[in-house]
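Q: Quick one: this structure, given as structure tokens, is what I'll be asking you about.
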Amino acid sequence: MNRSIPFFNYGALFSRQETELTNVVVDVMRRGAYILQKDLDQFEKNLSRYLGVAHAMGVADGTNALTLVLMAAGIGPGDEVLVPAHTYVASAAAIHYAGATPVLVECGADHLMDAESASAAVTVRTRAIMPVQLNGRTANMDPILRIAADCGARIVEDAAQALGSKFNGRFAGTFGIAGTFSFYPAKLLGCFGDGGAVVTNDDEIARKIRLLRDHGRDENGQVIGWGTNCRLDNLQAAVLDFKLKTFSDEIDKRRKLASSYQQRLGACAEVVLPPGPDAGGGHFDVFQNYEIEAEARDELKAHLERNGVRTIVQFGGKAVHQLPGLGFRDVRLPFTERLYTRMLLLPLNTAMSFDDAEYVSEKVLQFYR
């Protein structure tokens with residue numbers, strides 16, 4: 001008998017903890033505490049403590065987080081920022097709206113920024129490198145840090161999909177001048193709308209972010225420069241702070257679900273799996289997504305759909321340079337382009353049961369048999 005397994009169960013975000021979350025929301029609303037209140041301050045302190053950084057600042061969403069960091073770092077017109085083409089358009093859009101030029105580079109076999117391609121793309125105008133820590137995995141940052149040091153560029157991490165992941169014991173988002181996160185509902189730590197954060201150990205970057213997110217107002221409420229309205233609202237901050245308390249349990253379940261896929265699909269020659277939770281190499285992966293490469297991808301996707309399993313080809317099935325409206329007409333990235341004919345996201349989220357994961361694996365194996 002077919003099951004119905006959604007790619008992501010949005011309703012379960014609330015229903016699994018309905019009583020507790022209702023209490024959190026009602027408390028905020030009864031206090032009338034909506035913007036820049038104690039709940040946001042508490043969440044920022046707890047997030048910075050979790051990541052071991054000096055500053056965490058809640059902002060409206062992950063895209064604005066990136067734009068504000070680039071602006072705070074003085075990166076703008078005439079500057080180039082290296083970014084992988086295998087990412088959501090928001091990564092490149094943030095560079096564009098900061099006034100700089102996104103320079104798209106290849107991803108590697110791990111689907112993250114390819115250091116060799118990034119190195120080849122460096123010019124005298126390269127001011128920043130933006131590794132995108134995708135699918136809950138942190139890139140091998142050693143060669144990327146060397147490239148940045150050699151050309152004098154700054155590292156700005158798009159860690160929207162990687163809160164809690166690590167490389168060599170160091171959290172995603174903590175390798176450069178700043179890192180950014182998204183709290184979109186389907187993210188690792190999700191709120192009930194849009195939300196994001198900037199984290200940094202740089203006091204001056206933190207000061208500028210706080211000004212930029214709140215109309216240029218300082219701690220005394222005085223406007224001392226140009227800014228925008230880009231605050232994480234207090235209601236979402238309260239929800240996130242509540243959920244952060246059990247975040248390690250969420251990560252643990254994601255890693256166990258990934259292990260289930262690894263055990264059942266690891267011997268299937270027609271698919272390439274992401275590294276398993278115990279693959280080593282200095283990586284601690286948290287599996288925001290489970291992105292495979294598959295032979296006959298489209299046919300497999302249709303087979304799974306017929307059997308009640310919803311899957312996604314990430315980012316609408318196009319890399320950033322393949323989006324015709326953005327003007328990257330002369331960019332050719334062969335590895336990334338081939339990847340976009342093969343990649344597929346299997347469902348993996350904490351509303352799933354282990355029986356669900358076993359059923360998905362069974363249907364994948366059934367297709368190739």
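What follows draws every value from the coordinates through simple rules; no lab data is involved. Bear in mind that the values here come from a model prediction, so they are computed numbers and not experimental data. Here Cβ is always computed from backbone atoms with ideal geometry, including for glycine, and neighbour counts include all displayed protein chains.
Q: From zero up to wherever the largest Cα-Cα distance of the stretch 24-113 sits, split into 5 Å bins and tell me the percent of pairs in each.
A: 3, 13, 15, 15, 15, 16, 11, 7, 5, 2, 0
Q: Once a ≥ b ≥ c are taken as the square roots of the eigenvalues of the Cα gyration tensor of the stretch 274-344, is the result rounded (a/c under 1.5), prolate (a/b larger than b/c) or oblate (a/b not larger than b/c)?
A: Oblate shape, in that a/c is at least 1.5 and b/c is the bigger or equal ratio.
Q: Spin-label point model (7 Å from Cα, Cβ direction): what's the Asp355 to Ala93 distance in nm?
A: The answer from the label model is 4.0 nm.
Q: Treating only the Cβ atoms of Lys and Arg (+1) and Asp and Glu (-1) as charged, compute the dipole magnitude of the stretch 1-51 about its Cα centre; round to the nearest 20 debye.
A: With Lys and Arg at +1 and Asp and Glu at -1, about 80 debye.
Q: Please list the radius of gyration and Dmax for the stretch 208-295, considering alpha-carbon atoms only, with Å as the unit.
A: Final numbers for Rg and Dmax: 21.1, 63 Å.
Q: Under 18 Å from the 7 Å Cα→Cβ point of Ala186, by amide nitrogen: which residues of the stretch 54-75?
A: Residues 61-63 qualify, since their backbone N sits under 18 Å from the label point.
Q: Suppose we keep just the alpha-carbon trace of the chain; what are its Rg and Dmax in angstrom?
A: Just the Cα atoms of the chain yield Rg and Dmax of 20.6, 68 Å.
Q: In whole Å, what are the extents of the stretch 1-76 along the principal axes defined by its C-alpha atoms, from largest to smallest?
A: Cα spread of the stretch 1-76 along its principal axes, largest to smallest: 57, 37, 24 Å.
Q: Assign one of three labels to the stretch 171-228, namely rounded, prolate or oblate, based on the Cα gyration tensor with a ≥ b ≥ c the square roots of its eigenvalues; rounded applies when a/c is under 1.5, prolate when it is not and a/b is larger than b/c, and oblate otherwise.
A: oblate
Q: Still on this model: Among Ala109, Leu36, Tyr261, pick out the residue whose Cα is farthest towards the positive end of the charge dipole of the chain, where Lys and Arg carry +1 and Asp and Glu carry -1 on C-beta, about the Cα centre.
A: Farthest along the dipole direction, towards plus: Leu36.
Q: Now for a different question. For Cα pairs less than 8 Å apart in space and 6+ apart in sequence, what is the mean separation divided by the residue count of the chain, i.e. the relative contact order in percent?
A: So the answer I get is 21 percent.
Q: Quick one: Debye curve from the C-alpha atoms of the stretch 116-254, no solvent, what's log10 I(q)/I(0) at q = 0.18, 0.20, 0.21 Å⁻¹?
A: Each listed q maps to, in turn, -1.11, -1.22, -1.27.
Q: Another question, then. State the extension gain, in nm to one decimal, for the chain segment bounded by Lys253 and Asn168, taking 0.36 nm per residue of separation less the distance between their alpha-carbons.
A: Between Lys253 and Asn168, full extension yields 28.4 nm more.
Q: Need the full-extension length gain, Gln263 to Arg306, defined as separation in residues times 0.36 nm minus the C-alpha distance. One decimal, nm.
A: Length difference between fully extended and current span is 13.1 nm.
Q: Still on this model: Using the crude model of +1 on Lys and Arg Cβ and -1 on Asp and Glu Cβ, and no other charge, please compute the dipole size for the stretch 63-146 relative to its Cα centre, in debye to 20.
A: I would put it at about 220 debye.
Q: Hey, which of these cross-link pairs are over 28 Å Cα-Cα: Lys187/Lys363; Lys45/Lys166; Lys253/Lys318; Lys166/Lys245; Lys38/Lys208; Lys243/Lys301?
A: Lys253/Lys318; Lys243/Lys301
Q: Also, I was wondering about something else. Among Ile251, Leu348, Pro277, pick out the residue whose Cα is farthest towards the positive end of the charge dipole of the stretch 214-364, where Lys and Arg carry +1 and Asp and Glu carry -1 on C-beta, about the Cα centre.
A: My answer, from the dipole projection, is Leu348.
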